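The values are calculated or read from the model by the stated rules, or taken from the named source; none is laboratory data. Note that the structure is predicted; figures quoted are calculated from it, not measured. Positions of Cβ are backbone-derived with ideal geometry, glycine not excepted, and every protein chain shown enters the neighbour counts.
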Amino acid sequence: MKKFILCLIAFTMAIPACFADELFLDKETKYQKQIMQMGFKILNANQIEKRMTFYYDTSKEVNAVTALTSKSIHVYKGIIPFMDSDDELAGILSHEISHGIDAHKGLWRRILMTSAPKSYEYQADQRAVDLMVNAGYNPVAMIIILNKISPEQNWFESSSTHPEGSKRLVAVYEYIYTQYPEYLINNKYQNNLYYQNFLLTTQKERKEIREKYTPSVKNVSNKQSK
Ligand SMILES: [Zn+2]
């Protein structure tokens, strides 16, 4: 409603642009614009000097892909219903932009990415966290969107190019835990349904991470005696 009032004010000031933006564009045009604008925002905020293009694709598959030769990023219609925030879309786009950065490193890199895609997935998730933070998005949303779309299958059980869902989630969590802990300490997604489910299903793994990075009493006393 507020937006509508703003539009009226703008209209009376002979600036009808927001009418076109808000009311007359069909859903798919809006998605195209949103994806494109966010993609370019992430590129600019991270000072990425390589060109990439962004497309909304009407495929119903729950996916987003990067075409390695053209460095074009395609967000499929099928993934849209899974997203509840800008942060989550930023997570998807940042992951693909990370693939785009690698795709720019030449033909040999592109061959490696195609022949061993899984090894690039963890790296793409980690780099995506950096890209999100630099562009002003909350990286915890990466865990949330992955929890919704990343199935629990082992690499030897399917032809999927992506690693087992929970391993990816835990790896992203560990990276945020070590690099950007402030987002977990002051966590705006703490009560999010999908984040709560991540906490529930990864208790053992998160305990191991806490122990790995918390110096034991023995280590602390060793340090003090030196
Ligand atoms: Zn990927």
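For the reader, a short list of remarks on this structure follows.
- Condition check for Ala103: out of contact with any strand residue (DSSP E or B) (no Cβ under 6 Å at 6 or more places or on another chain), buried (at least 19 other Cβ atoms within 10 Å of the Cβ) and on the phi < 0 side of the Ramachandran plot: yes
- Test: residue in region 184-192 that is within 12 Å of the ligand (Cβ to nearest atom) and without any contact (Cβ under 8 Å) to a residue 24 or more places away in the chain: no
- The set of residues from region 36-69 being within 16 Å of the ligand (Cβ to nearest atom), surrounded by 15 or more Cβ atoms within 10 Å (Cβ to Cβ) and among the charged types (D, E, K, R) comprises just one member, Asp57.
- Residue under evaluation Ile79, criteria (1) touching a strand residue (DSSP E or B) at 6+ places or on another chain (Cβ under 9 Å); (2) surrounded by fewer than 21 Cβ atoms within 10 Å (Cβ to Cβ), criterion not met: (2)
- Conditions (1) in contact (Cβ under 8 Å) with a residue 24 or more places away in the chain; (2) within 16 Å of the ligand (Cβ to nearest atom); (3) more than 17 Å from Ile145 (Cα to Cα); number of the one not met by Ser72: (1)
- Among the residues making up region 81-130, those that are part of a helix (DSSP H, G or I), more than 14 Å from the ligand (Cβ to nearest atom) and under 20 Å from Asp57 (Cβ atoms) are Pro81, Phe82, Asp86, Glu88, Leu89, Ala90.
- Output for region 162-192, where each listed residue is within 21 Å of Leu89 (Cβ to Cβ), modelled with pLDDT under 95 and in contact with a Lys or Arg (Cβ under 8 Å, 6 or more places away or on another chain): His162
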